[in-house]
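First up is the structure itself, then whatever we jot down about it.
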Amino acid sequence: MQKGLNLLLEKYSVNAKAVLSTDGKTVTVNGKEVPVLSWESERRFIELRNLVLTGRLGNMCTYRIGRTAKKGTDLFEMLAREVGILEFTVSSAAKEIFAIAGKNTMNCIVETENGCVCTIELGATLEDGQRDVDKHEIITDNGVACDRVVDTQMPQDSIYVFGKNTKTYTDTDAELYNYEEIQINTIRNAFAVAKDETLQSENIEKWAHIQKVVEGAKKSLATLENVKVGE
């Protein structure tokens, strides 16, 4: 991923030294470590956010999020990502959370400052080699907006090749060709951070708040009560 980031920095003449961490969770810009919020550079979430901000969706009734990952995945890391997606797409911070959990699952109800109520269902139950499955669906008084094809649960690919060797392709970024989707989103967000000091501060602030939401979930699991974020 560092090679891809260097490509963008050089191509657009960004005068900053930016180094991605090995796991892609942070980028160090001129010596300053900044969280990478990859979902904020992902097209499907950008478009969901635009639908909310333009008012085309109408009044939000509820938001449903589901994500299933491979066995052993940290549920709280999964929650942090989904809370970040929630807050980004509805442009409002989470203020209260309730959580219950099993061995490899966790369900949460989150309310944001603007009154959006979101259910988050998480599972770490997939076998090695299986793709993560997620879905983000906003239900409003005007209809439904979703980041998946209508009436599907599984992620779809852009190109399918049928025959002796069945293959699929989802290369949609000409500059970062042959990178996986999560890598592209990580590189794009790191690049945005490298060229914008304001975004650096925003990412730090957003990630700090997301961590407070996760801590609230942990308290809720222990008490089986709603927890106000930050208390």
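Data for the structure
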read-out	value
Residue ID - most open to solvent (accessible area, probe 1.4 Å), chosen from residues in region 127-138 that are more than 19 Å from the chain's Cα centre (by Cα) and farther than 17 Å from Glu181 by Cα	Asp128
Leu86 within 21 Å of Ile139 (Cα to Cα), open to solvent by 60 Å² or more (accessible area, probe 1.4 Å) and in contact (Cβ under 8 Å) with a residue 24 or more places away in the chain	no
Test: Glu77 is of a type in the set (D, E, K, R) and open to solvent by 20 Å² or more (accessible area, probe 1.4 Å)	yes
Which listed residue, of Ile187, Ile139, is farther than 30 Å from Gly58 by Cβ and outside any loop (DSSP other than H, G, I, E, B)	Ile187
Among the residues listed as Cys118, Cys108, the single one being within 21 Å of Glu42 (Cα to Cα), open to solvent by less than 10 Å² (accessible area, probe 1.4 Å), in a strand (DSSP E or B) and in contact with a helix residue (DSSP H, G or I) (Cβ under 7 Å, 6 or more places away or on another chain)	Cys118
The lone exception for Ser220 - which of (1) of a type in the set (S, T, N, Q); (2) touching a residue at least 24 places away in the same chain (Cβ under 8 Å); (3) open to solvent by 70 Å² or more (accessible area, probe 1.4 Å) it fails	(3)
Filter result for the condition that a residue is within 18 Å of the chain's Cα centre (by Cα) and either more than 25 Å from Lys218 (Cβ to Cβ) or modelled with pLDDT under 95 (or both), over Leu48, Leu37	Leu48
Cβ-Cβ under 6 Å pairs, at least 6 apart or on other chains, region 61-80 side free of Cβ contacts under 8 Å to residues at least 24 places away in the same chain, far side surrounded by 14 or more Cβ atoms within 10 Å (Cβ to Cβ)	none
Odd one out for Cys61 among (1) at pLDDT 95 or above; (2) part of a strand (DSSP E or B); (3) open to solvent by 40 Å² or more (accessible area, probe 1.4 Å)	(1)
Members of region 186-211 found to be open to solvent by 60 Å² or more (accessible area, probe 1.4 Å) and in contact with a strand residue (DSSP E or B) (Cβ under 8 Å, 6 or more places away or on another chain), listed by number	Ile204, Lys206, Trp207
Residue within region 40-55 that is crowded, with 21+ Cβ neighbours inside 10 Å and assigned to a strand (DSSP E or B) present	no
Tabulated pairs, region 155-173, first at pLDDT below 75, second in a loop (DSSP other than H, G, I, E, B) and open to solvent by 70 Å² or more (accessible area, probe 1.4 Å), C-beta under 6 angstrom, 6+ apart or interchain	Gln156/Val149; Thr170/Ser158; Asp171/Tyr177
Of residues in region 1-22 being within 23 Å of the chain's Cα centre (by Cα) and farther than 18 Å from Asn178 by Cα, the one surrounded by the most Cβ atoms within 10 Å (Cβ to Cβ)	Leu20
Scope region 52-81; condition among the charged types (D, E, K, R) and in contact with an Asp or Glu (Cβ under 8 Å, 6 or more places away or on another chain); matching residues	Arg64, Arg67, Lys70, Lys71
Condition met for Glu77 (at pLDDT 95 or above and part of a strand (DSSP E or B))	no
Qualifying residues in region 23-39 (those that are open to solvent by 70 Å² or more (accessible area, probe 1.4 Å) and in a strand (DSSP E or B)) - the one farthest from Val83 (Cα to Cα)	Lys32
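The values are calculated or read from the model by the stated rules, or taken from the named source; none is laboratory data. Every value quoted in this text rests on a predicted model; they were computed, and no experiment measured them. No Cβ is skipped: glycine too gets one built from the backbone with ideal geometry, and neighbour counts run over all protein chains shown. Areas reflect the complete protein model, heavy atoms only, side chains present, ligands, DNA and RNA absent. Shrake-Rupley method; radii C 1.70, N 1.55, O 1.52, S 1.80 Å.
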